[in-house]
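A.B. asks: This structure is in structure tokens; I'll ask about it shortly.
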Amino acid sequence: MSHSSITAILNQLQHVLLGKPHQIKLALTCILAKGHLLIEDLPGMGKTSLSQGMAQSLGLSHQRIQFTSDMLPADILGVSIFDKEQSQFVFHPGPIFKQMILADEINRASPKTQSALLEAMAEQQISVDGVTHALPSPFFVIATQNPSEQSGTFPLPESQLDRFMMRISIGYPDETAEMAMLKGEDISPQLQHLPACVDPLTLIELQSQVSKVKASEALLNYILALVKGSRQLNEGYGLSPRASKALLSAAKAWAFIQGRNYLVPDDVQAVFAAVAEHRLRHTSQQQGEALSQRLLASTNPIL
């Protein structure tokens, strides 16, 4: 039952984002591993379509928040307003109180507004005027951002980037997929009416099964070797313990999607770039992509 649900979700999303099966599988991997996802690419690549399609396919209540330069934290979290009849302040929830938040163009907002998501992503709760409010369960953030060289963007700080389990890029479609887009109908109006392949309870059960995927001692040593190697790079700073846990969780989810209940090195390698590259802070001109490929090439699994 579980694998048929996974297949149904993947098939539906492949009609939303043509020609990008690997990126779709990585996005689903992140959700099954209970992580938040960052999608970074140029405008018009399908970032928002994938996000909306994911929310609909998983049967989650969702809210799209378009981030702008003049947005305030209260626009996301909500605000307390004085009620004369009750003679007290009453909290009015903001759009963040949904199971999946589509934070569109998150780096268009100021750092102060970006940080409003930090507690929500880390603790599944927010604090307003000293009062803590629990968020729905399950709770995910899928954020999209334009490349930092685009005008009007504020780079996400390292503490915010680290809250995203994975970062993916979609890239240009191949010629066949782009021709299909040109010949086909506009899918945008259909996104709101995609059928749910699972419900929230089923999703929670799938996540529970993912956590039970077995990892041998040798596989754990392989992950540790990759993390240790990142910390020995001269170009920047290595992966944190949070990153090593994220790598293990993502690899388990990838294995689960493949229909296995145990890890192999290919699972770790498949998700490593998406988990590591946005965390590999570097001081030279070498990008995170090049550093992650160096680590994979220089670290051999000993099984």
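The values are calculated or read from the model by the stated rules, or taken from the named source; none is laboratory data. Here the structure is a predicted model, which means the values were calculated and not measured. Cβ: placed from backbone, ideal geometry, glycine included. Neighbour counts: every protein chain shown. Ligands, DNA and RNA are excluded from the accessible area calculation, which covers all protein heavy atoms including side chains. Shrake-Rupley method; radii C 1.70, N 1.55, O 1.52, S 1.80 Å.
A.B. asks: Considering only region 212-224, state which residues are part of a helix (DSSP H, G or I), open to solvent by less than 70 Å² (accessible area, probe 1.4 Å) and either of a type in the set (K, R) or touching a residue at least 40 places away in the same chain (Cβ under 8 Å) (or both). Give the steps one after another, and end with the answer.
C.D. replies: Restricting attention to region 212-224, the residues satisfying the condition of being part of a helix (DSSP H, G or I) are 217-224.
Filter once more, keeping what is open to solvent by less than 70 Å² (accessible area, probe 1.4 Å): 218-220, 222-223.
Those that are part of a helix (DSSP H, G or I), open to solvent by less than 70 Å² (accessible area, probe 1.4 Å) and either of a type in the set (K, R) or touching a residue at least 40 places away in the same chain (Cβ under 8 Å) (or both): A218, L219, Y222, I223.
A.B. asks: Which one of these does F154 not meet: (1) crowded, with 19+ Cβ neighbours inside 10 Å; (2) closer than 28 Å to A273 by Cα; (3) of a type outside the set (D, E, K, R); (4) at pLDDT below 90?
C.D. replies: (1)
A.B. asks: Ok, one more. When you scan region 225-239, how many residues do you find that are open to solvent by 40 Å² or more (accessible area, probe 1.4 Å) and either in a loop (DSSP other than H, G, I, E, B) or at pLDDT 95 or above (or both)?
C.D. replies: Residues that pass the stated criteria total 3.
A.B. asks: For region 255-270, which positions are out of contact with any strand residue (DSSP E or B) (no Cβ under 9 Å at 6 or more places or on another chain), surrounded by 24 or more Cβ atoms within 10 Å (Cβ to Cβ) and in contact (Cβ under 8 Å) with a residue 24 or more places away in the chain?
C.D. replies: Scanning region 255-270 gives F256, V268.
A.B. asks: Please go through (1) over 15 Å from the mean Cα position of the chain (by Cα); (2) surrounded by fewer than 20 Cβ atoms within 10 Å (Cβ to Cβ) for A122 and return the number of the only condition it doesn't satisfy.
C.D. replies: Result: A122 fails condition (1) only.
A.B. asks: Can you tell me which residue among L203, L247 is without any contact (Cβ under 8 Å) to a residue 40 or more places away in the chain and surrounded by 19 or more Cβ atoms within 10 Å (Cβ to Cβ)?
C.D. replies: It is L247.
A.B. asks: Now a separate question. Quick test of your reading of the structure: K252 fulfils all but one of (1) open to solvent by 90 Å² or more (accessible area, probe 1.4 Å); (2) closer than 30 Å to S4 by Cβ. Name the failing condition by number.
C.D. replies: K252 satisfies all of (1) open to solvent by 90 Å² or more (accessible area, probe 1.4 Å); (2) closer than 30 Å to S4 by Cβ except (1).
A.B. asks: Any idea which residue in region 121-141 is modelled with the lowest pLDDT, counting only those that are in contact with a Lys or Arg (Cβ under 9 Å, 6 or more places away or on another chain) and within 18 Å of H62 (Cβ to Cβ)?
C.D. replies: Step by step, filter region 121-141, then rank; the result is M121.
A.B. asks: Would a scan of region 39-53 turn up a residue that is under 20 Å from K252 (Cβ atoms) and at pLDDT 85 or above?
C.D. replies: No, because not a single residue in region 39-53 is under 20 Å from K252 (Cβ atoms) and at pLDDT 85 or above.
A.B. asks: Tally time: how many residues in region 185-214 are more than 26 Å from F139 (Cβ to Cβ) and in contact with a Leu (Cβ under 8 Å, 6 or more places away or on another chain)?
C.D. replies: Adding up the residues that qualify gives 1.
A.B. asks: Can you confirm whether region 271-283 contains a residue that is out of contact with any helix residue (DSSP H, G or I) (no Cβ under 7 Å at 6 or more places or on another chain) and either exposed (fewer than 14 other Cβ atoms within 10 Å of the Cβ) or modelled with pLDDT of 95 or more (or both)?
C.D. replies: Yes, that holds for at least one residue.
A.B. asks: Please report, ordered by residue number, the helices (runs of 4 or more DSSP H) entirely within region 1-117 with at least 2 residues that are over 19 Å from A177 (Cα atoms) and open to solvent by 10 Å² or more (accessible area, probe 1.4 Å).
C.D. replies: 2-16, 47-57, 73-77, 111-114
A.B. asks: Right, here's the next one. Taking the condition out of contact with any Asp or Glu (no Cβ under 7 Å at 6 or more places or on another chain) and not charged (D, E, K, R), does T68 pass?
C.D. replies: Criteria met by T68.
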